[in-house]
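The values are calculated or read from the model by the stated rules, or taken from the named source; none is laboratory data. Everything numeric in this text was worked out from a predicted model, so none of it was measured. Here the Cβ is made from the backbone with ideal geometry for all residues, glycine too, and neighbour counts use every protein chain on show. Surface areas here come from the heavy atoms of the whole protein model, side chains and all, with no ligands, DNA or RNA. Shrake-Rupley method; radii C 1.70, N 1.55, O 1.52, S 1.80 Å.
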Amino acid sequence: MSQTSCRLFKGEDMVYEALDFYDVDSQLSEEEIMVRDMVRDWVDAEVLPKIEHACRDGVFPDEWRVALGEMGVLGAPLDGYGCPGLSYVAYGVICRELERGDSGLRSFASVQGSLAMYPIWDFGSEEQKNKYLPKMASGDLIGCFGLTEPDYGSNPGGMITKAEDKGDHYILNGAKMWITNGTISDLAIVWAKLDGVIRGFIVETGDEGYSAPEMKGKHSLKASVTSELVFQDCKIPKDRILPGVKGLKGPFSCLNNARYGISWGALGAAQACFHSAKEYTLSRIQFDVPIASYQLIQNKLAWMLREITKGQLLALELGKKKDDGSWIPEHISLAKMNNVDIALEIARMARDMHGANGILDEYCIMRHMANLESVKTYEGTHDIHNLILGRHITGIQSFTRSE
Ligand code: TGC
Ligand code: FAD
């Protein structure tokens with residue numbers, strides 16, 4: 001076996017069996033199962049053999065963009081304008097299968113669908129929808145989402161990037177940071193203040209005064225492109241403002257969908273780590289027997305199974321709520337926070353159970369573990385989601401401290 005292909009690669013000695021203790025997937029529709037199997041097979045065939053090379057080289061392989069477009073999974077729950085029109089449950093399943101491959105791959109799809117296509121779909125003009133959405137659904141155009149700034153992460157409402165109305169065009173000035181897909185994007189959804197009110201703008205690569213340099217040196221999400229977005233008297237035409245929304249609820253509405261996808265995606269990473277831990281501990285002999293025969297190891301495997309099963313039930317129930325419209329943002333905060341948290345703990349535990357082998361890139365563990373550190377931070381940190389729930393429970397907002 002190559003030292004750089006993941007051991008979950010189908011056709012090698014470990015064939016993936018997805019943990020589904022409560023048979024949660026039996027509740028999926030025929031279409032959702034079809035989509036699951038298509039993405040799962042593609043991840044086995046095309047992603048797992050290549051992911052470690054992509055991480056080493058720090059690139060997102062362009063052929064994955066093409067394949068995601070061809071499979072019709074970008075912007076999964078959006079309909080019309082060439083979009084797939086699948087259920088939110090299907091979108092969750094897609095995220096789960098992609099993130100079993102790598103969180104960076106799911107990130108690419110989350111940003112494209114939930115953070116770049118969704119705002120155009122929900123808040124854009126007919127012209128904007130027709131111009132961008134079909135090509136984004138097919139993967140021909142890539143989008144990114146610029147909300148975070150160097151000095152405003154958890155508190156995006158403080159952003160200083162601003163837009164000025166110059167009569168027949170807008171001028172943008174400011175900078176965004178930590179932007180997934182930035183350098184490889186054809187367009188950016190940029191949130192900036194116009195007369196003090198947050199508005200969304202579509203900035204195209206090539207617009208005067210716009211650049212998107214890549215940020216290097218990440219120990220996490222190495223196969224995902226992360227960038228700064230810089231606007232220096234960036235001139236954009238008047239018809240590139242998103243007319244349908246004002247204020248923070250614009251970007252937060254997009255985040256609802258992306259956070260929802262993460263709540264499923266993290267389970268994919270957790271399932272990959274569980275699978276590897278189970279296989280490894282059954283085959284690794286210490287003190288003359290497989291280490292899986294020791295109670296301490298079985299306790300860890302049982303904890304993983306328990307938490308993944310609870311997370312699966314949470315994600316599916318939330319998916320049904322997204323589909324029938326009975327969800328509130330706090331439901332999503334709970335699922336994002338919980339499922340990323342348990343996935344990260346499972347990855348850390350699995351790393352320990354693999355002993356020294358756990359640090360090798362031949363096993364997927366350490367890569368998932370490092371990726372999940374970012375996933376815990378982005379789309380609202382773990383603690384921000386705790387505070388969102390705390391506000392829901394008590395009615396008291398505790399993000400800011402009054403003197
Ligand atoms: P707050 O006063 O709570 O709300 C301001 C306005 O927004 C509305 N709103 C929402 N609308 C829709 N969905 C939601 N989830 C909403 N939450 C709030 C709210 O109703 C209000 O509307 P209006 O009309 O009354 O003005 O705002 P705040 O400034 O106090 O916010 C507090 C806090 C901490 C919850 C919020 O700022 C927050 O969530 N911070 C986290 C920031 C974050 O998540 N950034 C993510 C950046 S994008 C990213 O990470 C992509 S990674 C992608 C990848 O690679 O996968
Ligand atoms: P800070 O807000 O500085 O937080 C630092 C710590 O302080 C955290 O532990 C936080 O929980 C805590 N904290 C903050 N405020 C409070 C409070 N009120 N009470 C208690 N604790 C608090 N952003 C985008 O806009 N688009 C993207 O595509 C994107 N992609 C990303 C990709 C990667 C790989 C990463 C790592 C980040 C990405 N982000 C993106 C940015 C991400 O959303 C932010 O990193 C995140 O919102 C946290 O902001 P921050 O890093 O500035 O941390």
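May I ask you to order 169-175, 315-321 by the average number of other C-beta atoms within 10 Å around their residues, highest value first?
Averaged packing, sorted descending, gives the order 315-321, 169-175.
When the chain is fully extended, how far beyond the present Cα-Cα distance does S293 get from M34, taking 0.36 nm per residue of separation?
Length gained between S293 and M34: 89.6 nm.
Suppose every K and R has +1 on its Cβ and every D and E has -1 on its Cβ; what is the size of the dipole of the chain about the Cα centre, in Debye to the nearest 20?
Values: 42 positive and 56 negative charges, 197 e Å.
My answer is approximately 940 debye.
Per q in 0.15 Å⁻¹, report the Debye log10 I(q)/I(0) for region 90-178, using one uniform scatterer on each alpha carbon and no solvent.
-0.76
If we sort 385-395, 121-131, 337-347, 187-197 on the protection proxy, mean other Cβ atoms within 10 Å, highest first, what's the order?
My ranking of the peptides, most packed first, is 337-347, 187-197, 121-131, 385-395.
Under 16 Å from a point 7 Å along the Cα-to-Cβ line of S253: which residues of region 178-216 have their amide N that close?
189-192, 198-202
If you average the C-alpha positions of region 301-318 and of region 348-403 separately, how far apart do those two centres end up, in angstrom?
16 Å
May I ask which of K166/K249; K50/K216; K131/K310 have a Cα-Cα span longer than 30 Å here?
Correct reply: K131/K310.
Treat each spin label as a single point 7 Å out from the Cα along the C-beta direction, and report the N357 to D195 distance in nm.
Label at N357, label at D195, 6.5 nm between them.
For the chain, what does the accessible surface come to per residue with a 1.4 Å probe? Please give it in Å².
In whole numbers, the chain has 42 Å² accessible per residue.
Between the helical axis of 88-101 and the dominant principal axis of the chain, each derived from Cα atoms, what acute angle in degrees is found, rounded to the nearest 10?
60 degrees
Can you tell me the orientation of helix 365-377 relative to the chain, as the angle in degrees between its alpha-carbon axis and the longest Cα principal axis, to the nearest 10?
Once rounded, the angle reads 30 degrees.
Could you order the peptides 238-251, 36-49 from most to least packed, using the average number of other C-beta atoms within 10 Å per residue?
Order by mean packing, descending: 36-49, 238-251.
Using a/c under 1.5 as the rounded threshold, could you call region 143-240 rounded, prolate or oblate? The axes a ≥ b ≥ c are square roots of the C-alpha gyration tensor eigenvalues, and prolate needs a/b larger than b/c, oblate otherwise.
Oblate is the answer for region 143-240, as a/c is 1.5 or above yet b/c matches or exceeds a/b.
More than 24 angstrom separation, counting every C-alpha pair in region 7-137; what % is that?
Details: 2753 of 8515 pairs.
Summing the P(r) of region 7-137 above 24 Å gives 32 percent of all pairs.
Rounded to whole Å and sorted largest first, what semi-axes of the equivalent ellipsoid does the C-alpha gyration tensor of region 239-293 yield via the square root of 5 times each eigenvalue?
49, 8, 6
Cα atoms only, region 249-394: Rg and Dmax in Å?
17.0, 60
Relative to the longest principal axis of the chain, what angle (0 to 90°, nearest 10) does the C-alpha long axis of helix 295-324 take?
Around 40 degrees separate the two axes.
Kindly sort R348, R96 by accessible area of their heavy atoms, largest first, with the probe set to 1.4 Å.
R348, R96
So for the pair W303, N173, with labels modelled 7 Å out along Cα→Cβ, what separation do we get in nm?
5.3 nm
Go from 0 up to the bin containing the longest alpha carbon distance in the chain, width 20 Å each, and give me the % of pairs per bin.
Distribution as computed: 28, 57, 14, 1 percent.
How big is the gap, in Å, between the Cα center of region 197-257 and the Cα center of region 111-189?
Computed from Cα coordinates, the inter-centre distance equals 4 Å.
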